Amino acid sequence: MKAIHFGAGNIGRGFIGKLLADAQAELTFADVNQPLVDQLAHQQHYQVNVVGENARVEQVNRVSAIYSNSPDAVAQIAQADIITTAVGPQVLSKIASTLAQGLIARFERGNHQPMNIIACENMVRGSSQLKQHVLQSMPAELHGWVEEHVGFVDSAVDRIVPPGAAANDDPLDVTVETFSEWIVDRTQFKGALPDIAGMEPTSNLMAYIERKLFTLNTGHAITAYLGQLAGYRTIRDAILDPAIREAVKNAMRESGEVLIQRYAFDPQQHAAYIDKILTRFENPYLHDEVERVGRQPLRKLSENDRLIKPLRGTLEYGLPNRHLIIGIAAALHYRSNQDPQAQEMANLLAENGVTSTVIEVCGLQDRPELVAQIVNVYNAMQRKE
Ligand SMILES: NC(=O)c1ccc[n+]([C@@H]2O[C@H](COP(=O)([O-])OP(=O)(O)OC[C@H]3O[C@@H](n4cnc5c(N)ncnc54)[C@H](O)[C@@H]3O)[C@@H](O)[C@H]2O)c1
Ligand SMILES: O=P(O)(O)OC[C@@H](O)[C@@H](O)[C@H](O)[C@H](O)CO
């Protein structure tokens, strides 16, 4: 099995690439970080340090690496059996034209073998969105061929993988938690399902995507935003603060009630899922900064993401939402000099005021009462310097 994984970052090396390598795939990473590509291509192996329960060191061997937007990448796509991505939701449109060129080359070489593309990003149906970008970059007469031979398989991916410690001996090594889950939509594959241990096919993907994004990521983001406001640097320190823990747990419960209504999850099992997530946030072996988890606040505050979608769900089912509103207000206070979206949000707040910013960023034009509640909580919040 020939595999290309776009994005040799934390989740790429620490989870998806590892599973592909374990499945004996001939694995090539494609990335735009040239020093990273050079080191991976030269060294061809790295280490995954699994920390927490059942800690162990796992070796990934015989991998190669290429620059993402390159003739090499196009040539390899023409021959690949499976392509995965973990580049970030905003980068999918940027890799689409390379994928399109690779598919055109594949067609021209007469390679009609089925191929599957799986976006492993924190977003709802990322592969389906990638498919639209790819089709837009291809001549219309090839769309039918793509429909017939290329599966764009949506997925939900869960494993907390922070960047490695700066003092790490080998920058390719990666530190990951024990827990991992990669669920894929079995209905979208072309050809036989690939045999990859750790990849779990389901016919009910939406339930799993929403369960993960609107529980773990909702709670994670709120931990980061309340944590920064309270002066904490890491997710562990933030979640060990009893007031933050209570607010985060309640926000996950509020979002969870929506999921229970929508997908008929068992309430006790969902409560256990939330408790497990809280213990994952406090993993003493992971150094996960609030700035990584809070990154790109405009994306996280957008209408289909982890904060606003659950909030709208509470309105749909007439459920409480006080803690989700606290999380959203805290997100508006998020600041980071390293993060262009945090700076853009601060500028919007300074220039347009908080009400207009909430309406624009969260897409809450039709909900003035919610906007007013968010603004009130925002105004009452104080940053601890
Ligand atoms: N880290 C986690 O805990 C985690 C867990 C689940 C899902 N995710 C999701 O995985 C995705 C990646 O997250 P991450 O934490 O690994 O980020 P990361 O920044 O560590 O890795 C992203 C990689 O993509 C590369 N990249 C950027 N533009 C590219 C392009 N045009 N072509 C190829 N590569 C490109 C970057 O150079 C980087 O190496 C995100 O969507 C994230 O939400 C992350
Ligand atoms: O990657 P983001 O920016 O969408 O979200 C930050 C974290 O919540 C996220 O990366 C988690 O660590 C991950 O989703 C765990 O599976």
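The values are calculated or read from the model by the stated rules, or taken from the named source; none is laboratory data. No experiment lies behind these values; they were computed from the predicted model shown. No Cβ is skipped: glycine too gets one built from the backbone with ideal geometry, and neighbour counts run over all protein chains shown. Note: accessible area is taken over every heavy atom of the protein model, side chains too, but ligands, DNA and RNA are not part of it. Shrake-Rupley method; radii C 1.70, N 1.55, O 1.52, S 1.80 Å.
Laid out as a table, the results:
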| read-out | value |
| --- | --- |
| Diffusion constant of the stretch 206-383 at 20 °C, which comes from Stokes-Einstein with the Kirkwood Cα-pair radius and 1.002 mPa s, µm²/s | 134 |
| Cα long-axis angle, helix 34-43 against the chain (0 to 90 degrees, to the nearest 10) | 50 |
| Between the stretch 191-247 and the stretch 1-77, the Cα center-to-center distance that results, in Å | 24 |
| Label-point separation in nm, ALA380 to ARG233, each point 7 Å along Cα→Cβ | 3.2 |
| Environment charge of GLU303, counting only residues whose C-beta is closer than 13 Å and scoring Lys/Arg +1, Asp/Glu -1 | +3 |
| Share of carbon and sulfur in the accessible heavy-atom surface of the stretch 206-383 [1.4 Å probe, %] | 47 |
| Surface per residue (accessible, 1.4 Å probe) for the chain, Å² | 43 |
| Helix-only [θ]222 nm of the chain, DSSP H runs n ≥ 4, -39500 (n - 2.57) each, per residue, nearest 500 | -14500 deg cm²/dmol |
| 21 Å tail of the calculated P(r), the stretch 90-190, as % of Cα pairs | 46 |
| Surface/4 estimate of mean projected area, convex hull on alpha-carbon atoms of the chain, nm² | 19.3 |
| Accessible-area order (highest first, 1.4 angstrom probe) of the listed residues LYS249, LYS276 | LYS276, LYS249 |
| The stretch 1-154 - Debye-derived log10 I(q)/I(0), Cα point model, q = 0.12, 0.13 Å⁻¹ | -0.48, -0.56 |
